[in-house]
Amino acid sequence: MRYGFVGKHEDHALFVIDEGAPLKSGVRVKLNFEYPAGAWLYVCYLSSNGIYSLLFTSIAYRDISSLSLTSAQDTDAESVYGSLGWLTLDQNTGTETFFLIASVERLQVFEKLISNYDRANGKSRKRFAKRISQALENLPSQLAEAPNIQFVKRLEKPVIGGATFRELTDDGLSEHSLSHEATGTHIIHVAFTIDHQ
């Protein structure tokens, strides 16, 4: 799985966001990702206020014929490219965490926790938040096959995801750039934080 967080300054200049990077309120952020065709992908977000949101799941895109993400248009595609679009950091400062999860198996327990969390209120919602946190820490245990070996690395140079090559900066950066790569055997789990100041 490859992914990249791209930022946009007020003057529309693009930059790669690295893990733990300090960013100010008002900065625009875009997450791009590319994952193996046939894998289950989840993008979960934990706000600086402690609120979980499931921003993306590949469940809606399992039938490649109805795939609206940029990808090879034939069923032999080896990977699928997607993007969350531009998000603007609000006035709530603190650590913003994005969890990217690619799995060979559907994570039904995780899906159920998110669904229950979305419907819950008050203390019940806080209990589900703790369960989600534990589930994210123990993702490999949700799979039938184990153990899992995983590696995450920063690419030497950002690469362009999808098929769009318009509006490249002098250093080859695009709003579609992928800057990190994570590999694993059965599940890939990446926690990417932004220090929202």
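What follows is calculated from the coordinates using simple rules that are stated; it is not laboratory data. Values in this document were obtained by computation on a predicted structure and should not be read as measured data. Neighbour counts run over all protein chains shown; Cβ positions are idealised from the backbone, glycine included.
What the table shows:
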read-out	value
Paramagnetic label zone (point 7 Å from Cα along Cα-to-C-beta, residue 191; backbone N under 15 Å) in segment 85-100	95-100
Net charge contributed by nearby residues that have their C-beta within less than 12 Å of residue 47 (K/R +1, D/E -1)	-2
5 angstrom amide H check on residue 55, placed H, neighbours 5+ away	43, 44, 45
Segment 9-57: trypsin sites (Lys or Arg not before Pro) in DSSP loop, at most 13 other beta carbons within 10 Å	24
Full-extension gain in nm, residue 95 to residue 47, via 0.36 nm per residue minus C-alpha separation	16.6 nm
Phi-based couplings in Hz for segment 21-35 (Karplus 6.51, -1.76, 1.60; Gly and Pro marked x)	4, x, 10, 8, 4, x, 5, 8, 10, 10, 9, 10, 8, 9, 9
Inter-site label distance for residue 86 and residue 120 at 7 Å from Cα along Cβ, in nm	3.6
Ranked packing of 78-84, 109-115, most packed first, by mean Cβ within 10 Å	78-84, 109-115
